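A.B. asks: What follows is a structure written as structure tokens; I'll ask about it next.
The values are calculated or read from the model by the stated rules, or taken from the named source; none is laboratory data. Everything quoted here is computed from the prediction, not taken from an experiment. Don't worry about glycine lacking a Cβ; one is built from the backbone with ideal geometry, like all the others, and counts go over all protein chains shown. For accessibility, only protein heavy atoms count, side chains too; no ligands or nucleic acids. Shrake-Rupley method; radii C 1.70, N 1.55, O 1.52, S 1.80 Å.
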Amino acid sequence: MNRMSTTKDLKIVTCLLLFIKLLCFCESKVDSKHTYQFINTGPYLVAYKNVNKNKNRFIELNYKVKSIEKKNELTSLSGVPTSNVINSTIDINILNELRNVKVKRNISEALHMATYEEMRKDKNVYVLGEDVGLYGGSYKVTKNLAHFFGFARVLDTPICENAFMGMGIGSSINGLRPVIEGMNLSFLILAFNQISNNACMLRYMCDGQFNIPIVIRGPGGVGKQLGPEHSQRIESYLMSIPGLQIVACSTPYNARGLLKSAIRNNNPVLFLEHVLLYNVEEEIPLLPYTLPLDKAEVVKKGKDLTILCYGVTRHLAMAAAKKLSNINIDVEVIDLISLKPFDLETIKYSLQKTKKCLILDESAGFGGIGAELYTQIVENFSSYLNKKPVRLCTKDVPIAYASKFEEACIIKEEDIVHMATFLHS
């Protein structure tokens, strides 16, 4: 985290501290029914202590984030065991204020928060992959986690994807919850056998005797001059494997909530993070939260055209939507999030309204995510459409290293504007 980001965080926490101290000095009636437990959780920490129940309530904030749970309720926001919890009584108004507090994070930091919170909540959660321990991951998602939880739970592996994928799957059969990081998701082609024949088949072959709660995550997509071997879109390679759920994050908010849900899921989840989006920033809630893995997000409502996108194409679609609004074309932008299965209900409601559909797909046109989505829309919703759907995809060629050739292969903002204008005409 850079110095500027740290300074902003400290300002946020300082303002929050002053606000809570002001509340502490004010006369207010504390409802004895609202007794809360507040957890001391390391780098994402807001610790609460009740010095004197009858008089002053002192609240201590130690930098970033804190988990809160109601006493006598096991389904808490954090789920941390009660042995790790400090009892305290606090005014319900302060809790409500904390629920509204937000902090600015980028996607890498949001994923780090989610991983830390789930490792703290459940001792069976662990991370393995190349350089995840001492180095902290290729994009610092696991930075310092080895120092908090030990190198046995943040396990550096050899450069052998099929070996550590198999080890993760075997550990999941025995009750652990591995988060397997690929340094680049393109490398997971080397672990295709383990993902397909082991992770996604074992539960079926054993008649449900085993759960396979693994998360396979890491950077993917077309970056900036990464060359053909590092620019593969693995989602289109793995989408036909039965038993695998595929999720693509696109913002810090959905990255944190989706990763927490993926870790808690009892089935294999391929969690896609685009290599160009790690530094995208936005404000996210201070307190922990989860998001459903199978729901699309309506990013922008509109009436003239539905744009279906995921990952980096969400940001291209939103940039194009601003330009289209200048020529009175009101588009609806839907971030698919779940690439397998698709949230067809959300897509249906949008198409009933707009009657037109533009699909943005970073994978190749032949056999890609967009091809399957196109098929399902035509099969299920063709009666709603005034025109047949249109796909914009990456060219069906190896992605070149040279920047000009790379640009010629991928979807660009102007492509979306031109095609949206054509569909609207």
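A.B. asks: Could you sort 93-103, 129-139 so that the peptide with the highest average Cβ count within 10 Å comes first and the rest follow in order?
C.D. replies: 129-139, 93-103
A.B. asks: Could you list, in their original order, any pairs among 260/356; 121/353; 102/143; 121/395; 143/301; 224/322 whose Cα atoms are separated by more than 32 Å?
C.D. replies: 260/356; 121/353; 121/395; 143/301, as the Cα separations exceed 32 Å there.
A.B. asks: If a paramagnetic tag sat 7 Å from the Cα of residue 343 along the Cα-Cβ line, which residues of segment 362-404 would have the backbone N under 11 Å from that point?
C.D. replies: Output list for this probe position: empty.
A.B. asks: By how many nm would the segment from residue 140 to residue 412 grow when fully extended, if each residue of separation counts as 0.36 nm and the alpha-carbon distance is taken off?
C.D. replies: Result for the pair: 95.1 nm of gain on full extension.
A.B. asks: Which translational diffusion coefficient, to the nearest whole µm²/s, is obtained for segment 223-319 from the Stokes-Einstein equation, given a Kirkwood hydrodynamic radius over C-alpha pairs, 20 °C and 1.002 mPa s?
C.D. replies: Once the numbers are plugged in, D ends up at 142 µm²/s.
A.B. asks: Additional query: For segment 337-419, which GluC sites (Glu not before Pro) are both in a DSSP coil and crowded by at most 14 other Cβ atoms within 10 Å?
C.D. replies: Answer by residue number: there is no such site.
A.B. asks: OK, next. Out of all DSSP beta bridges in segment 243-343, what portion is antiparallel? Express it as a percent rounded to 5.
C.D. replies: 35
A.B. asks: Which whole number of Å³ per residue matches the convex hull of the alpha-carbon atoms in segment 200-267?
C.D. replies: Value for segment 200-267: 89 Å³ per residue.
A.B. asks: Can I ask one more? Please identify the chymotrypsin sites (Phe, Trp or Tyr not before Pro) of segment 326-425 that satisfy two criteria: DSSP loop assignment and at most 15 other Cβ atoms within 10 Å. Which are they?
C.D. replies: The qualifying sites are 366, 401.
A.B. asks: Roll a 1.4 Å probe over the protein chains and send me the accessible area per residue for segment 172-234 in Å².
C.D. replies: I get 42 Å² per residue for this part.
A.B. asks: Give me a comma-separated list of calculated 3J(HN,Hα) values for segment 344-357, in order, Karplus coefficients 6.51, -1.76, 1.60 applied at θ = phi - 60°, integers in Hz, x for any Gly or Pro.
C.D. replies: Karplus-based 3J(HN,Hα) across segment 344-357 equals 5, 5, 5, 5, 4, 4, 5, 5, 4, 8, 8, 6, 9, 9 Hz.
A.B. asks: So for the pair residue 205, residue 174, with labels modelled 7 Å out along Cα→Cβ, what separation do we get in nm?
C.D. replies: Distance between the two pseudo-spin positions: 1.9 nm.
A.B. asks: A further question on this structure: If the cut-off is 13 Å between C-alpha atoms, which aspartates and glutamates fall inside it for residue 104, apart from same-chain ones fewer than 8 positions away?
C.D. replies: Once the sequence-local aspartates and glutamates are set aside, what remains near residue 104 is 9, 281, 282, 283.
A.B. asks: Quick one: 3J(HN,Hα) in Hz for segment 296-301, Karplus 6.51/-1.76/1.60 with θ = phi - 60°, rounded, Gly and Pro as x.
C.D. replies: 7, 10, 7, 6, 9, 8
A.B. asks: Sorted from largest down, give the three principal axis spans of the alpha carbons of segment 148-199, whole angstrom values.
C.D. replies: 31, 24, 14
A.B. asks: If each residue of separation counts as 0.36 nm, what is the full-extension length gain between residue 404 and residue 289 once their alpha-carbon separation is subtracted?
C.D. replies: 37.3 nm
A.B. asks: Could you pull out the trypsin sites (Lys or Arg not before Pro) across segment 202-252 that fall in loop regions by DSSP (anything but H, G, I, E, B) with no more than 10 other Cβ atoms inside 10 Å?
C.D. replies: Loop-located and lightly packed - 224.
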